Amino acid sequence: MIYNSTRDRSVRMTSTEAILKGLSDEGGLFVPEEIPAFKKSLSELSRLDYRELAFEVMYPYLDDFTEAELKACIANAYGDNFDTAEIAPLTYADGVYYLELYHGPTIAFKDMALQILPHLMTTAAEKNNVKNDIVILTATSGDTGKAAMAGFADVPHTRIMVFFPHGGVSDVQRLQMVTQPGSNVSVVSVDGNFDDCQSGVKRIFGDTDFKKELEAKGCQFSSANSINIGRLVPQIVYYVYAYCNLLKNEKIREGDSIDICVPTGNFGNILAAYLAKKMGLPVNRLICASNKNNVLTDFFKSGTYDRNRDFHLTMSPSMDILISSNLERLIYFISGCDDRATSGFMSSLSSKGSYTITEEMKKGLSDFMAGYATEEETASEIRRVYDDTGYIIDTHTGVASAVYRALSDDAGSCPAVIASTASPYKFARSIVEAVSPDITADDRSDMDMIDELEKLTDMPEPKAVSDIKKAEIRHNMHIPADRMKEAVREFLL
Ligand SMILES: *Cc1c(COP(=O)(O)O)cnc(C)c1O
């Protein structure tokens, strides 16, 4: 399998090279030259367990690994670190299937890819004779940083440093990060917001002198954020797994279509569902669900992507985003793999903040439906599902669930799978406020809210939460935004 860049089709990389590089030099994202088809029938695939299926789905994309290498990466990633052997179970509630992607160590769906990425990356480094240590720098608004550290902690020849906005993450998210063990990890809170952290990291990545200085000390940077193809490919697996689960349990027959609805931020998770469909998974509609930051809803309706609008902080913070990086890959595919056109749209996005696709390209959007939910709609959906069934969904899943309900008349009558991207325990305050408005949450801590949530559900408190209650604080570095590079230097040299 060859990977091209969305902005330069003449770039040709193997999967291991693409994983190590993260982003192509001219700023494009790596895309597979062709999308492989399943080699086995869906009923054959439905007899496999998660790991076996992961191998079948991922191998065609990662074919410069040996079979044994990829199998070892998969075995290391999807095991006892998940709290269920099913890895990604489906729960039926109120007429739809919730695909629970939060059973990994940090209780958000980022684990599905970040538990395997470090193994893929270190194997890729060995295969390409990289002698340097791989240094991962990550700016986070909460979920990615913890999931990346949990994946990379104590992985030989890697180091990871995470920057988060001081005062800008929830108590649970902060405690999850500052208690992270591991001899190769560092966590720093930065005076500033998420954008300050993000631009600080980008500046360090672009600092050629600093790169040389690190190179001399045997270090090189790589990226663990969702533009890395090593994060995208593992995410295709669970959509196939969900279909196979329905098939195995005779909820559908082979060939029947399903709808898939995904709470979307950076467009990585839903793009994986799109790739699953293109590989041959019978999917009727891919429903792209947004919160009040509804730039994608407008794009799918009008063909114009326009980030010139107010930014809203919502109770689904991992979807508070105005530039969905992975959309660039869809743009490339629906333009007929036109690298020039894709570069043009992306430079218009960075200079004007907007672009409009052609009429011809709009036809490629017919695989999708899109909608958004307001804060009130999300809260009332969480409450409605709870009142009707006793099942508790998190705020991000609440957005998707609300959007699906609003569109379901148009979506048709096939079974629906809704990606459930975080444990409700991660956003306990918003959940408690949604399901029992008479509990006053105002001046109570997040930990109190977790206790309240536990009283409302028979879902036990996850280990990730009980762990942070007793874990020791290991990281307390707090710096101004202009000291990030020095912090990296001190950590590494
Ligand atoms: C990251 C995240 C999302 C958004 O996923 P994308 O792949 O960025 O679209 C949704 N929900 C949760 C809980 C997340 O952490």
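Quick notes on this one:
- Beta bridge orientation in the chain: antiparallel %, DSSP, nearest 5: 25
- Spin-label zone in region 456-479 - amide nitrogen under 11 Å from a point set 7 Å from the Cα of residue 445 along the C-beta vector: 469-470
- Between region 441-493 and region 157-179, the alpha-carbon centres lie 7 Å apart.
- Charge dipole (the chain, unit charges on Cβ, about Cα centre) - positive-most of 5, 175, 104: 5
- The chain - percent of accessible surface contributed by carbon and sulfur, probe 1.4 Å: 46
- Cross-link pairs 71/248; 71/485; 40/248; 40/251; 217/485 - those with Cα-Cα distance over 26 Å: 71/485
- Gap separating the Cα centres of region 1-64 and region 198-246, nearest whole Å: 15
- Low-density loop positions, chymotrypsin sites (Phe, Trp or Tyr not before Pro), region 332-417 - DSSP coil, at most 10 other Cβ in 10 Å: none
- Region 276-315 versus region 78-93: alpha-carbon centroid distance in Å: 27
- Surface exposure of region 30-157, expressed per residue as accessible area with a 1.4 Å probe, stands at 36 Å².
- Counting 0.36 nm for each residue step from residue 459 to residue 483 and taking away their Cα separation leaves a gain of 4.4 nm.
- Virtual spin-label span in nm between residue 337 and residue 37, 7 Å along Cα→Cβ: 1.7
- Inter-label distance for residue 84 and residue 306, nm, one decimal - labels placed 7 Å from Cα along Cα-to-Cβ: 4.2
- Loop trypsin sites (Lys or Arg not before Pro), region 231-289, which have at most 16 other Cβ atoms in a 10 Å radius of their Cβ (DSSP): 251, 253
- Restricting region 288-325 to chymotrypsin sites (Phe, Trp or Tyr not before Pro) that sit in a DSSP loop and have at most 16 other Cβ atoms within 10 Å of their own Cβ leaves 311.
- Judged by the gyration tensor of its Cα atoms, with axes a ≥ b ≥ c, the chain is rounded; a/c sits under the 1.5 cut.
The values are calculated or read from the model by the stated rules, or taken from the named source; none is laboratory data. Keep in mind the model is a prediction, meaning the values are calculated, not measured. All Cβ positions, glycine included, derive from the backbone under ideal geometry; neighbour counts span all protein chains shown. Side chains included, ligands, DNA and RNA excluded: accessible areas come from the protein's heavy atoms. Shrake-Rupley method; radii C 1.70, N 1.55, O 1.52, S 1.80 Å.
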